[in-house]
1. With a ≥ b ≥ c taken as the square roots of the eigenvalues of the C-alpha gyration tensor of segment 293-362, please select rounded if a/c is under 1.5 and otherwise prolate if a/b is larger than b/c or oblate if it is not?
2. Taking the Cα centre of segment 312-424 as origin, sum charge times position over the Cβ atoms of Lys and Arg (+1) and Asp and Glu (-1), and report the length of that vector in debye to the nearest 20.
3. For T78 and E280 in one chain, what is 0.36 nm times their gap in residues minus the Cα-Cα distance, to one decimal in nm?
4. How large is the direction-averaged shadow of the alpha-carbon convex hull of segment 269-424, in nm²?
5. Just rank E331, E280, fewest to most, by other beta-carbon atoms within 10 angstrom.
6. Neighbour counts of other C-beta atoms within 10 Å: give me E354, E212 arranged from fewest to most.
7. Between T115 and R341, with labels modelled 7 Å along Cα→Cβ, what's the label distance in nm to one decimal, could you check?
Amino acid sequence: MFYYFLSIRCLRKKIKKPKSKKFIHPIAAAALDKNILVSPYTDMDLDTRYPGIFDLKLAAKRKLPHFVWEYLDSATGTESTLVNNRIAFDQLRMMPSVLHGPLAVDLNCNFLGKTFDLPFGVAPVGLSGLIWPNAETLLARNAKDNNLPYTLSTVACQTPETIGPVANGNGWFQLYPPRDPKIRTDMLSRVKNAGFDTLVLTVDLPVASRRERQTRSGITQPPRLTPRLLAQIAQKPHWALATAAFGRPAMPFLNKYAKVKPGMPPTAHIGYLLRASPDEAYLSWLRENWQGSLIVKGILNPDDTKRLERIGVDALWVSNHAGRQFDGAPESISMLPSIRRATTLPLIFDSGIESGLDILRALALGADFVMLGKAWHYALGALGPLGPAHLTDILRKDLIANMGQLGLENLKDCAGKIIAKQPG
């Protein structure tokens, strides 16, 4: 109980990371350094208590303060796009195949000149450190350990200089496009020098979305501790202890570029205030000034692909932002086949992925790689530092199980395996 009240007291101040972890509660200490993790679970416990992403989602909802949960889980408008993403996946059917004997399933995936151990990675999520302290480090470390790509957001709670060495060659950087050319140039230099070789330009945010659930929850930008939020925190000691030990979440990468006023809406963070709405000239400038791989994220219209090919991007990221930007958008998985037919560029897919089977469905419809965002943060909210490795294990096992049912040994053999779309 002493640690609980201490955490609430610390949350009222902008504290620095403690110099010594000797007397920090084990739950809080684990958020700072996995080497001192005291785990209450065995591997069998995790498998039986949290066998799927849905289980992690329920646990995260129980353990996170209401405003944190709403920030993570919400979409915009009536959230019909979020719901329809799931419905569209559930309508897809794949035909099982039998009498193949023991299968040697190979989950390796070649993408943009690199071989990854699995066909999925970590999508960018702003303010990951609000969901669980030190989230970016935990996710980047797990990506390195399992040879997955990790995408750091412009509005992350840790800087590229911190995360680049942790990702150790597996780091991608997602750019909210700054309008000032000097800021833009400086950002690219910092990212490159930090060891990131892949740049992801997000283009489906021409204006801020409303995200009404976030607004109703009381969260503002930058995050500000009001009596209402403190009351929510007081009900969630698991999160409060860890956050008190690590300090209040912020967006340190952007600190040198602008100052913001407190109390702004949740979608009006500093990244929005600095950014432009990019056009083709902007993208061409990026192509000329970024020497690594360049990916454009937020593609739903097949007609956009030829322009992007002409500019020279390396891959397209098919996404409706999980319904967080535009509630009238089509389901990403429904648009994937026509985008695949329209371009020869490599395709990344996100929006609605909740299992290894969903990953196979996306690969079967033309994706070359799949990204998940919320799922990693459900895992962090549920299990803290144990979450990323457990989610990786869930998805790996689910891929192997479903490939066995389909009689497949290689991911490339998924192509064309969707046999029917059930009527809605």
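Rule-based calculations on the coordinates, nothing more; no lab input. Only a predicted model underlies this, so the values are computations on that prediction, with no experimental measurement involved. Every residue, glycine as well, gets a Cβ built from its backbone with ideal geometry; the counts of neighbours run over all protein chains shown.
1. prolate
2. 160 debye
3. Numbers: separation 202, 0.36 × 202 = 72.72 nm, distance 3.17 nm.
Roughly 69.6 nm would be gained on extension.
4. 11.8 nm²
5. E280, E331
6. Taking fewest neighbouring Cβ atoms as first place, the list is E212, E354.
7. Rounded to a tenth, the inter-label distance reads 3.4 nm.
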